[in-house]
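Since the structure comes first, as structure tokens, the remarks are kept for the end.
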Amino acid sequence: FKTEDAGTTWRNVSDGFLKTSSVGALAVSDSDPSVIYAGMGEATIRIDISHGDGVYKSTDGGETWTHCG
């Protein structure tokens, strides 16, 4: 999801890009805020855990994503 109004409204931008719905970590580049990394999956073992499939990178503020591994 992405917000452009400080969180008042959110738009789903991940459909078709991410293979799992569980994002365990996000990192935004200090030098270029349009570069975002998303680590998929969860580290905490729970009954409803979602296993991840690696790291994704966006270079356009979350509009599109590339699987990095």
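The values are calculated or read from the model by the stated rules, or taken from the named source; none is laboratory data. Model, not experiment: these values are computed from the prediction. Reconstructed Cβ throughout: ideal geometry from the backbone, glycine too, with neighbour counts over all protein chains shown.
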On the basis of being at pLDDT 70 or above and surrounded by fewer than 11 Cβ atoms within 10 Å (Cβ to Cβ), does Thr59 make the cut? no
Going through the stretch 5-23 in order, the residues found to be hydroxyl-bearing (Ser, Thr, Tyr) and at pLDDT 75 or above are Thr8, Thr9, Ser22
Scanning the stretch 24-50 for residues that are loosely packed, with under 12 Cβ neighbours inside 10 Å and among the hydrophobic types (A, V, I, L, M, F, W, C), the one modelled with the highest pLDDT turns out to be Leu26
Checked the stretch 49-63 for anything more than 10 Å from the chain's Cα centre (by Cα) and not charged (D, E, K, R); matches are Ile49, Ser50, His51, Gly52, Gly54, Thr59, Gly61
